[in-house]
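Let me begin by presenting the structure, written as structure tokens, before commenting on it.
The values are calculated or read from the model by the stated rules, or taken from the named source; none is laboratory data. Computed from a predicted structure; not experimentally measured. Because the Cβ atoms are built from the backbone with ideal geometry, glycine has one as well, and the counts that use them run over all protein chains shown.
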Amino acid sequence: MALLPILRFPDPRLKKVATLVTRIDEGTRKLVADMAETMYEAPGIGLAATQVDVHQRIVVIDVSEDKSDLQVFINPTLGQCEGSQVGEEGCLSVPGIYDKVERSERVTVSYLDLDGKQQKLEAEGLLAVCIQHEIDHLNGTVFVDHLSLLKQTRIKNKMAKQARVTA
Ligand code: NI
């Protein structure tokens, strides 16, 4: 396994729309293992392949307290979405920035598991938020894109300052 570098907002590669996975093979399993390791190390509760500059529709999530429940979603699509919730979100691609985003309270997600089997999951609360946040990444959207233009500009400036300090 290996840690993968995470793209930082506003890297234009975060805007790429990921393509469907057509074959689940050893390469896919290796990528998923590396993504999980990268997410746990960060630490974070979700990571989309887009964030590690792989533009395939793959997401890993673990919202459990003890980091014992890795969930892998390949080609995830949202079905029914109900209700709304507003929560403070952050993102491994936008370190140090947290802001409120409105999301659906309950979602149904269809996806393939690592064996290529079609699965369907009903999620609510934090898991539902995380699924929506990560599917956004696969479509080239970062949570910052849901904020006002003024906030987006402030965040871009802050990220540019951070990049200079760490460079
Ligand atoms: Ni994110």
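Which members of the range 16-58 meet the condition of being hydrophobic (A, V, I, L, M, F, W, C) and not in a helix (DSSP H, G or I)? Spell out how you get there, then give the answer.
Within the range 16-58, the first condition is being hydrophobic (A, V, I, L, M, F, W, C), and the residues that meet it are 17-18, 20-21, 24, 31-33, 35-36, 39, 42, 45, 47-49, 52, 54, 58.
Scanning the range 16-58 gives VAL17, ALA18, LEU20, VAL21, ILE24, ALA42, ILE45, LEU47, ALA48, VAL54, ILE58.
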Return yes when GLN162 is modelled with pLDDT under 95 and either touching a Leu at 6+ places or on another chain (Cβ under 8 Å) or surrounded by 14 or more Cβ atoms within 10 Å (Cβ to Cβ) (or both) and no when it is not.
yes
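From TYR111, TYR98, which residue is at pLDDT 95 or above, closer than 30 Å to THR22 by Cβ and of a type in the set (Phe, Trp, Tyr)? First the steps, then the outcome.
Details: TYR98 fails: closer than 30 Å to THR22 by Cβ.
On inspection, the qualifying residue turns out to be TYR111.
Restricting attention to the range 21-48, which residues are in contact (Cβ under 8 Å) with a residue 60 or more places away in the chain and under 18 Å from ILE131 (Cβ atoms)?
Of everything in the range 21-48, those that are in contact (Cβ under 8 Å) with a residue 60 or more places away in the chain and under 18 Å from ILE131 (Cβ atoms) turn out to be VAL21, VAL32, ILE45, GLY46, LEU47, ALA48.
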Quick check on TYR111: is it over 29 Å from ILE155 (Cα atoms) and either within 14 Å of the ligand (Cβ to nearest atom) or among the aromatic types (Phe, Trp, Tyr) (or both)?
yes
Selected residue (criterion: surrounded by the fewest Cβ atoms within 10 Å (Cβ to Cβ)) from residues of the range 7-41 that are among the β-branched types (Val, Ile, Thr) and within 30 Å of ASN157 (Cβ to Cβ)
VAL17
In the range 137-166, residues that are within 15 Å of the ligand (Cβ to nearest atom), closer than 21 Å to GLN85 by Cβ and not aliphatic (A, V, I, L, M) total 6
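Considering only residues that are farther than 17 Å from THR28 by Cβ and surrounded by 13 or more Cβ atoms within 10 Å (Cβ to Cβ), which ones fall in the range 42-76? Let's see the steps before the verdict.
Applying the first criterion (farther than 17 Å from THR28 by Cβ) to the range 42-76 yields 42-46, 62-69.
ALA42, GLY44, ILE45, GLY46, ASP62, VAL63, LYS67 - these are the residues of the range 42-76 that are farther than 17 Å from THR28 by Cβ and surrounded by 13 or more Cβ atoms within 10 Å (Cβ to Cβ).
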On the given criteria, is ARG57 within 24 Å of PRO10 (Cα to Cα) and either free of Cβ contacts under 8 Å to residues at least 24 places away in the same chain or basic (Lys, Arg) (or both)?
yes
Output for Cβ contacts, cut-off 6 Å, separation at least six or different chains, first residue within 25 Å of GLY140 (Cβ to Cβ) and more than 16 Å from the ligand (Cβ to nearest atom) in the range 64-92, second of a type in the set (Ser, Thr, Tyr) and in a loop (DSSP other than H, G, I, E, B), reads CYS81/SER104
Checking GLY116, GLY96 in turn, the sole residue that is on the phi > 0 side of the Ramachandran plot and away from the ligand (no atom under 16 Å from the Cβ) turns out to be GLY116
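Being of a type in the set (Asp, Glu) and more than 16 Å from the ligand (Cβ to nearest atom) narrows it down to one of GLU124, GLU134, so name that one.
Working: GLU134 fails: more than 16 Å from the ligand (Cβ to nearest atom).
The conditions single out GLU124.
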